[in-house]
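The values are calculated or read from the model by the stated rules, or taken from the named source; none is laboratory data. None of the values given here were measured: they were computed from a predicted structure. Methodologically, a virtual Cβ is constructed for each residue, glycine included, from the backbone with ideal geometry; neighbour enumeration extends over all protein chains shown. Areas reflect the complete protein model, heavy atoms only, side chains present, ligands, DNA and RNA absent. Shrake-Rupley method; radii C 1.70, N 1.55, O 1.52, S 1.80 Å.
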Amino acid sequence: MMEGHMLLIWMLMCLLLQPSTTQNSSPEGVLNCCEGDVLFLVDSSGSVSSYEHTHMLSFLSQLLSPFSLGEDQVRVGLLQVGTKPRLEFGFDKYSTQSGLQTALRNIRPLRGDTNTVEALKIAKEWVLRPGKAGGAREGLPRVLVWLTDGVKPGDVTGPMAQLQEEGVAVLVVSTGHSNYQVLRQVVSPPVENHLYFVDIDDMSIITKELRDAIIEIIRAERMNVRDVSTNSATLQWRPVLSGLTGHYEIRFGAVRTGGSGGGGGTGTSGATEGIQYQRLTQSADSSTARLTGLKPDTTYIAILRPESNEQAFNDLSVTFTTKPEVLSPAVVTVSESGQTSVRVTWGPLQPETVTSYSVEYSALPGGQFRSVTLAQTQNSTLLRGLQPDTTYLVTVSARHASGKEKAMSVKVCTQEVTPALADLQLTTVGSDSVQVEWKGGTSGLRGYWLTWEGQQSSAPGQRSSLYLPPDSLSTRLTHLPPSARVCVSPIYRTARGEGLCCTAQFHTDALVYGYQS
């Protein structure tokens, strides 16, 4: 009698878990919809009968059958609760529906106590923690779905709260007379979407609701936009047609808003009414498409439709806004400022829309007006022949192919002329020596020429000279005659410049000093 009863249960289980012949016609919006890791915590302790356990697995079979499985799709794990909880399979085990459905048919109940707390510990430390071998993936949604009959689950409030703190979404399906207050505390908000009470024979009525709740958590953005400019953008998507025959159809158009008619947003017929779409076709192995000819500062909607006779896919859509038009020049900078020249640079460089640039400049106030015209590929020029220590007004203008013209002005200052020689000083050292010091440093200087001679009648015409390199700004002269006159002159490439002279006075009873003349 017992053997006949067990055989009947086994036949019922096989019948309930038999794959449906309509499984390939997945519910709308499920195929290729999601990317995340979902762990099912299934109560198979002694309080759950074989009949109930079979119905739970049948429910999971129907719930999961529409999902696309794999490394870049949805991954599923199942952890059974008993005296010693057991991980039946982890996230990295099954990447096909056939493999998953076979595994669900082969699961046997554990029996024993309802050790849910220990099962949650395993889930937290080994399954749902990113980075563990076979564990959850970094940066993707993680979901725990707990199927329980509600009989003595243990103190699960704390462990469930810890999972939620780590970013795991918790959903609960109760088939018995559970404590509502406890279960509403452990599910992630909103409670009305994540907590279900249902009779074991009627679990199928919540299949779509629970599936939609899971999808809402793990729904993946399958198409995004990058490299958005004023007139172009690049669409990027996962190549779902890779290895299949088919192609991608792309439609894109400006969304009408405000006074131009229509409404904003996406995903509703009202938002896309009246849009004039442009169309592109890309091969099955494509994953990007460049959209060109767009208008600046405009919101667009792009719709991608994967077409294949081998598998059905959902349309993907995305909205984006092009960048506002920035006419050159938007910025003008000054560098390499010298006494008679300065470099002016501007941007952005827009050779596709600019026909030419002109740079106009004049000294302030009321200086001579000068200008130079430059090609559209040039964004810098060196202005020469300027006056030292002078403020100039520089205006950079761009003539655009559209007929527009934009200009930007800046004030620049040339450097003042640094004297080649200044502040000559003599400091006596002893009775016949002086330390000679001066200031200088003009660019292009070749050196300094020093001369000295006595001015008293006892030593007429005794002139001496000395050359010093341009980086020398001091020297010491010894054995000078009384009242010696010392002169320092700058030396240029073609001539010697005007110098400075000082007379050294030597005294026997006082500090000797020099007079500049």
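Taking Ala119, is it open to solvent by less than 70 Å² (accessible area, probe 1.4 Å) and closer than 20 Å to Gln162 by Cβ?
Yes.
So, of the residues in the range 321-335 that are in a loop (DSSP other than H, G, I, E, B) and touching an Asp or Glu at 6+ places or on another chain (Cβ under 8 Å), which turns out to be least open to solvent (accessible area, probe 1.4 Å)?
This residue is Thr322.
Go over the candidates Gly112, Gly135 one by one and state the one that is small (Gly, Ala, Ser) and open to solvent by 10 Å² or more (accessible area, probe 1.4 Å).
When all the criteria are applied, what remains is Gly112.
Among the candidates Val151, Val145, single out the residue that is of a type in the set (A, V, I, L, M) and surrounded by fewer than 21 Cβ atoms within 10 Å (Cβ to Cβ).
Criteria check complete, one pass: Val151.
Can you tell me how many residues in the range 197-224 are open to solvent by less than 40 Å² (accessible area, probe 1.4 Å), among the aliphatic types (A, V, I, L, M) and either at positive phi or not in a loop (DSSP other than H, G, I, E, B) (or both)?
Looking only at that region, the number is 9.
Could you list all residues from the range 282-314 that are open to solvent by 60 Å² or more (accessible area, probe 1.4 Å) and either part of a loop (DSSP other than H, G, I, E, B) or touching a helix residue (DSSP H, G or I) at 6+ places or on another chain (Cβ under 7 Å) (or both)?
Correct list: Asp285, Gly293, Lys295, Asp297, Asn309, Glu310, Gln311, Ala312.
Within the range 362-375, identify whether any single residue is open to solvent by 60 Å² or more (accessible area, probe 1.4 Å), assigned to a strand (DSSP E or B), within 30 Å of Gln415 (Cβ to Cβ) and among the charged types (D, E, K, R), and answer yes or no.
Among the residues of the range 362-375, at least one is open to solvent by 60 Å² or more (accessible area, probe 1.4 Å), assigned to a strand (DSSP E or B), within 30 Å of Gln415 (Cβ to Cβ) and among the charged types (D, E, K, R), which makes the answer yes.
Restricted to the range 39-63, and to residues that are of a type in the set (Phe, Trp, Tyr) and closer than 20 Å to Val143 by Cβ, which residue is surrounded by the most Cβ atoms within 10 Å (Cβ to Cβ)?
Phe40
Does Glu416 fit the bill of being under 30 Å from Lys439 (Cβ atoms) and open to solvent by 30 Å² or more (accessible area, probe 1.4 Å)?
yes
Anything in the range 68-77 that is touching a helix residue (DSSP H, G or I) at 6+ places or on another chain (Cβ under 8 Å) and either of a type in the set (Val, Ile, Thr) or buried (at least 22 other Cβ atoms within 10 Å of the Cβ) (or both)? List them, or say none.
Once the filter is applied, which keeps residues that are touching a helix residue (DSSP H, G or I) at 6+ places or on another chain (Cβ under 8 Å) and either of a type in the set (Val, Ile, Thr) or buried (at least 22 other Cβ atoms within 10 Å of the Cβ) (or both), the range 68-77 yields Val74, Val76, Gly77.
Please go through (1) over 22 Å from Glu118 (Cβ atoms); (2) of a type outside the set (A, V, I, L, M, F, W, C); (3) surrounded by 20 or more Cβ atoms within 10 Å (Cβ to Cβ) for Thr175 and return the number of the only condition it doesn't satisfy.
(1)
Taking interchain pairs and intrachain pairs at least six residues apart, which have beta carbon atoms under 6 angstrom, with the first residue in the range 231-252 and crowded, with 22+ Cβ neighbours inside 10 Å and the second hydroxyl-bearing (Ser, Thr, Tyr) and part of a strand (DSSP E or B)?
Sorted first by the residue in the range 231-252, then by its partner, the pairs are Phe252/Tyr300.
With respect to Ser443, is the statement that it is open to solvent by 70 Å² or more (accessible area, probe 1.4 Å) and modelled with pLDDT under 90 true?
So Ser443 fits the description; yes.
Mind checking whether some residue in the range 253-268 is in a loop (DSSP other than H, G, I, E, B), modelled with pLDDT of 85 or more and open to solvent by less than 70 Å² (accessible area, probe 1.4 Å)?
yes
Name every residue in the range 336-361 that is open to solvent by 20 Å² or more (accessible area, probe 1.4 Å), within 13 Å of Val394 (Cα to Cα) and under 33 Å from the mean Cα position of the chain (by Cα), in order of residue number.
Thr345
Mind telling me which of the residues Ser431, Ser409 ends up being open to solvent by 30 Å² or more (accessible area, probe 1.4 Å), small (Gly, Ala, Ser) and touching a Ser or Thr at 6+ places or on another chain (Cβ under 6 Å)?
Checking each option against the conditions leaves just Ser409.
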